[in-house]
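The values are calculated or read from the model by the stated rules, or taken from the named source; none is laboratory data. Bear in mind that the values here come from a model prediction, so they are computed numbers and not experimental data. So basically every Cβ, Gly included, is an ideal-geometry build from the backbone, and we count neighbours across all protein chains shown. Protein only, heavy atoms only, side chains kept; ligands, DNA and RNA dropped before computing areas. Shrake-Rupley method; radii C 1.70, N 1.55, O 1.52, S 1.80 Å.
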Amino acid sequence: MRRLLFKFSILFSVFCFLFSALPGCAKKEGMAKKTITVWHWMTDREPAFQELASRYEAETGIKINFELYAPSDAYSQKVRAAAQGANLPDVFGILDTKKDFASFVKAGYVLNLASYMQENNNSWKNSFFDKALAVSEFSEGNSYGVLPGIYGVPIDIMTIQMVYNKNLFKQLGLDSKKPPSTFQELIDMGKLIKSAHLVGMVSGWGEVWMIDCFANNYAFNIMGKDKVIATIKGLVPYTDPDWIKVLGLFKDMQDAGILSDGMIAMVNKTAEQLFATEKSVFAFNGSWCVNVYKGMNPDLDYGVILPPKASENFPMAIWGGAGSSFMVNAKSENKEEAVKFLRWFTNSNQQAYLSEVTNNLPANKECLNKIPEVLAQFAKSIEYATHPNVWDVSEFPTVIEALDKGIQSIIIGEKTPQQVAFEVQKIKERELAKKR
Amino acid sequence: MRLKSTLENYLFILPAVVIFFIFYVIPFLWVFQLGFYNWDGILPTKTFVGLGNFKDIIFNDPSWWRSIRNAGFITFIALTLQNALAFLLAWACDRQIRLKNFYRLIFFIPPILSELVVGMVWGFIIRDNPQGAGLINRGLVALGLPNLVRGWLSDKSTVLTTVALIHSWKGFGWGFLIFLAGLQTIPRELYEAAKVDGANAWQSFTKITIPLMVPVVVLAAILTVLGTMQAFVLIIGLVGGEFAGHASVPVLRILASMRYSSRFGYACSQGIIFGVILIVVSFMQYRFSKKARQG
């Protein structure tokens, strides 16, 4: 019996050894036909990506292997883990903040594409919207300490705005061609919405980043970009009256009944369902919603607006720019082929196809005339777009968290805007002191 | 010959030791090491900060301690309500009642369901707005208690209690199984002898069942504490996140540090502190039960 177990143990060890050697064999076999592996998280675009991969293989003989990992949180962790284990694929996307993106670049995981973009009189670079490229660019003297360059290829662009239901507007006796253009007009609609037992505005404010987005829009509108950046740099405190005014807007919306009940526990998917099923008058959502709403309710009649202005001092800003970008692994053996593929993938034919099939805004500006009306409405506002990833300075994550949670507290009536401003500033000062 | 035999023995356990070492010991040690560094999880370089992360968590992070308090509350509800319910149902099923096998099956369904699914389904049942059916509030109105109607998952004063109750509903099946197994080990002769001596059902329960079930109760309590303190998926399913801190629990805080703030070192320190808290609580439970048994 003992002898038998001994033999079994040896056999098991041999099996383990052979099993661990299998991936190596597979790699060698794959050398026969060049394969470029692309990791992404975009579930809605999977069939379109596969179709384009087939077309590229037919044209060039190079196989494109799109590997989907969702949800985006899990994808993000996978990319980080792969970076730590030096197992990144040839092409991948980074879903994190600019600071994290900078860390990927500094660690040597991302190829600088500036020289490729500049070939033939910047022809590749010029095909994109400037704001789409900006999120992947690091300029001279950037605060992240990254060598200047372009480190990503935008696949699409997005803007995050407000959408309103035209049928519900009519039901409320409102002109569907005249959505609110000022914050006061929006607040005034609250009573009307309440009396009609409708839901005002929905958004995924349980996933706090969308609160951050909304607050930043109004911060730009009320105090302007320079003051927002000065706040991030620690030169203006969050207890400044302008910031308190921004925080007060959330209280005003809650008091007026504009915000849906349970808004701070709402995930964006739920918000999308409520708007698509015509239960809410407004939604705060990104341009990706066009595809989502189309899938949920193809007959939904809605319009797109900038968040109504709360001040005439500065223009309204919205978050926007590149929706998703692909990066090339600087350590990949296939990096040249990967760049060629991305050049092909982002030319106007492929971009038009992607936009048509997935209802996302193309990053290539040459295809804008080929997109549906509602998408064009989202695209028109790209001039108002900004994003923390293009600001060259970034706020401490703990401060962002305190601000977002503080806004949640204002919405549920737990704290006043002044209290939240004071708490956020306290955390900001602590972080600044640590940094010093 | 003896050496060969010893080598053989080591060889037999080698695969298990290797797997254990790679997947348990190394990550465990690595977490300890990272706890002393500032690291964003991407850059190959890490900054040594000594006990800085631990100091920050203990003295400068009120949201961490709030999450511990919240988890403590959920655990308290689980220890009392959930385990009491589980014990009573197990006791009932241990007796000669009709359809007891059916009940055993039914009671074990909630624990095997996905926490996320349970969260989403209960969220739909409870929410009284276009997001849900509002069955609880409708039931209260039907019972003539409209003044109790509220947004159970959108009101800061009820959200944590609602989460704790749903967690208990989901978890009582485990306790039920453990208690039932424990009850079945008690010799029937003891009850028969007690009956012959004139003991009624209550006396049998307090003088035989309870004392003999103490070790099982301790085991169930330790498992409840360890399981409940680490719950977080259900909360995501129910309220999508931390609900302005009212539904925040330690694992969500660790996740936030790691995922949303890219502070891997800090997250590791939080994990270590959390682990120590769990060990201390479990040890105290064990000591307390040992004293109770001796007393």
Notebook entry, point to check: Amide H to amide H, which residues 5 or more places from A:T37 or on other chains are under 5 Å from it, using H placed in the peptide plane?
Noted result: A:N65, A:D90, A:V91
Notebook entry, point to check: Taking a quarter of the surface of the convex hull around the Cα atoms of region A:268-338, what do you get in nm²?
Noted result: 8.4 nm²
Note to self: In Å, what Kirkwood hydrodynamic radius results for region B:54-294 from the alpha-carbon pair distances?
What the structure shows: 20.0 Å
Check: Over what distance in Å are the Cα centres of region A:189-236 and region B:1-55 separated?
Finding: 46 Å
Note to self: With angles folded into 0 to 90 degrees, how steeply does helix A:46-60 sit against the dominant principal axis of chain A? Use alpha carbons for both and round to 10.
What the structure shows: 40 degrees
Notebook entry, point to check: Under a straight-distance cross-link criterion of Cα-Cα below 16 Å, which aspartates and glutamates are reachable from A:K331, leaving out those fewer than 8 residues away in the same chain?
Noted result: A:D90
Checklist line | Under the Debye formula (equal points on every Cα, no solvent term), log10 I(q)/I(0) of the protein assembly as shown at q = 0.06, 0.09 Å⁻¹ | finding: -0.45, -0.97
Notebook entry, point to check: By how many degrees, between 0 and 90 and to the nearest 10, does the Cα long axis of helix A:241-256 differ from the longest principal axis of chain A?
Noted result: 80 degrees
Note to self: As a test of understanding, state the convex hull volume per residue of region B:48-116 from its alpha carbons, in Å³.
What the structure shows: 140 Å³
Next item on the list: Please determine, in degrees from 0 to 90 and to the nearest 10, the orientation of helix A:114-126 with respect to the longest principal axis defined by the Cα atoms of chain A, where the helix direction is its Cα long axis.
Entry: 60 degrees
Notebook entry, point to check: Once phi is turned into ³J(HN,Hα) by the Karplus curve 6.51 cos²θ - 1.76 cosθ + 1.60 with θ = phi - 60°, what whole-Hz value does each residue of region A:135-142 show in order, with x for glycine and proline?
Noted result: 5, 9, 9, 10, 8, 4, x, 5
Margin query: How large is the direction-averaged shadow of the alpha-carbon convex hull of region A:47-106, in nm²?
Written below: 5.0 nm²
Item checked: Residue-by-residue Karplus 3J(HN,Hα) for region A:333-339, coefficients 6.51, -1.76, 1.60, Hz, glycine and proline x -> 6, 9, 4, 5, 5, 5, 5
Notebook entry, point to check: How many square angstrom of accessible surface are buried between B and A, both sides summed, with a 1.4 Å probe and rounding to 100?
Noted result: 3500 Å²
Notebook entry, point to check: Using the Kirkwood formula over every pair of different C-alpha atoms, what hydrodynamic radius in Å results for chain A?
Noted result: 23.7 Å
Notebook entry, point to check: Around A:F326, which amide H atoms from residues at least 5 apart in sequence, or from another chain, sit under 5 Å from its own amide H, with H modelled in the peptide plane?
Noted result: A:V153, A:I155
Item checked: Rg in Å to one decimal, and Dmax rounded to a whole Å, for region A:55-148 via C-alpha atoms -> 15.3, 44
Next item on the list: Starting from the coordinates of the alpha-carbon atoms of region A:208-333, obtain the Kirkwood hydrodynamic radius over all distinct pairs and give the value in Å to one decimal.
Entry: 16.9 Å
Check: For A:N364, what charge total do you get from the other residues with a beta carbon under 14 Å from its beta carbon, if Lys and Arg give +1 and Asp and Glu give -1?
Finding: +1
Check: So which lysines can B:K207 reach, going by Cα to Cα under 20 Å and dropping same-chain residues fewer than 8 places off?
Finding: B:K195, B:K290, B:K291
Next item on the list: Could you give the size of the charge dipole of region B:54-294 about its Cα centre, using +1 on the Cβ of each K and R and -1 on the Cβ of each D and E, expressed in debye and rounded to the nearest 20?
Entry: 200 debye
Notebook entry, point to check: Mean Kyte-Doolittle of at least -0.5 and a Cα length of 30 Å or more along the axis: which whole DSSP H helices of chain B meet both?
Noted result: B:159-184, B:264-294
Notebook entry, point to check: Of the beta bridges DSSP finds with both residues in chain A, what % are antiparallel, to the nearest 5?
Noted result: 60 percent
Next item on the list: Please work out the average accessible area per residue across the protein assembly as shown, using the 1.4 Å probe convention, and give it in Å².
Entry: 48 Å²
Next item on the list: Give A:K380/A:K434; A:K106/A:K340; A:K294/B:K156; A:K279/A:K380 a once-over and call out the pairs whose C-alpha atoms are over 31 Å from each other.
Entry: A:K380/A:K434; A:K294/B:K156
Check: Summing +1 for each Lys or Arg and -1 for each Asp or Glu, what net charge is found among the other residues whose Cβ lies under 14 Å from the Cβ of B:M284?
Finding: +3
Item checked: Under Karplus coefficients 6.51, -1.76 and 1.60, residue-wise ³J(HN,Hα) of region A:421-436 in Hz, glycine/proline x -> 4, 5, 5, 5, 4, 4, 5, 4, 5, 5, 5, 5, 5, 4, 5, 5
Margin query: Given the -39500 (n - 2.57) contribution per DSSP H run of 4+ residues, what per-residue ellipticity at 222 nm results for chain B, rounded to the nearest 500 deg cm²/dmol?
Written below: -21500 deg cm²/dmol
Item checked: Placed amide H near A:V202: partners under 5 Å, 5+ positions off or other chain -> A:F282, A:A283, A:F284
